[in-house]
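Quick notes on the structure that follows.
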């Protein structure tokens with residue numbers, strides 16, 4: 001199944017807050033918002049293309065067991081804390097599938113294969129994400145100049 005996948009999406013909400021959103025494409029496309037922590041306040045979505053083989057690295061690290069969850073929805077019966085909704089989707093050549101897991105912030109989270117996939121996605125995209133955040137800060141500093149001060153650098 002891995003060889004058919006061209007794109008993957010990870011979407012994690014804790015309560016009403018989207019704390020992680022990642023899209024990785026085989027073509028180098030990358031989108032990311034948040035860090036996955038329950039208290040994440042970062043609402044900026046960064047979109048770009050990278051030459052780094054992040055998608056290939058993620059697929060290489062992904063257990064085939066992860067795909068056994070596809071086509072299903074899991075709802076932990078005894079949720080403790082705020083509700084967490086995790087969606088993982090895969091898209092590719094003749095492929096549109098994924099799964100959803102609903103659990104409590106303080107209860108047992110998703111299975112190891114799922115948690116590992118999310119963690120690896122965050123780790124692999126972190127350098128790009130931090131670079132984009134840093135570039136965004138310097139762009140905001142540029143826009144803080146008054147319109148008539150366009151000659152200042």
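Its relative contact order, with pairs defined as Cα atoms under 8 Å and 6+ residues apart, puts the chain at 22 percent. The residue 72 and residue 120 beta-carbon pair, evaluated with R₀ = 30 Å, returns a calculated FRET efficiency of approximately 0.90. Segment residue 27..residue 100, full-extension length gain: 23.8 nm, with 0.36 nm per residue of separation and the alpha-carbon distance subtracted.
Working note: Cα atoms of the stretch 17-93, range along each principal axis, descending, whole Å: 42, 32, 20.
Mind pulling the angle between the C-alpha long axis of helix 112-143 and the longest principal axis of the chain? Nearest 10 degrees, somewhere in 0 to 90. In the chain, helix 112-143 runs at an angle near 10 degrees to the longest axis. For the chain, the convex hull spanned by the alpha carbon atoms encloses 129 Å³ per residue.
Throughout, read-outs are computed from the coordinates displayed, never taken from laboratory work. As the structure is a prediction and not an experimental result, all values here were calculated from the model. Every residue, glycine as well, gets a Cβ built from its backbone with ideal geometry; the counts of neighbours run over all protein chains shown.
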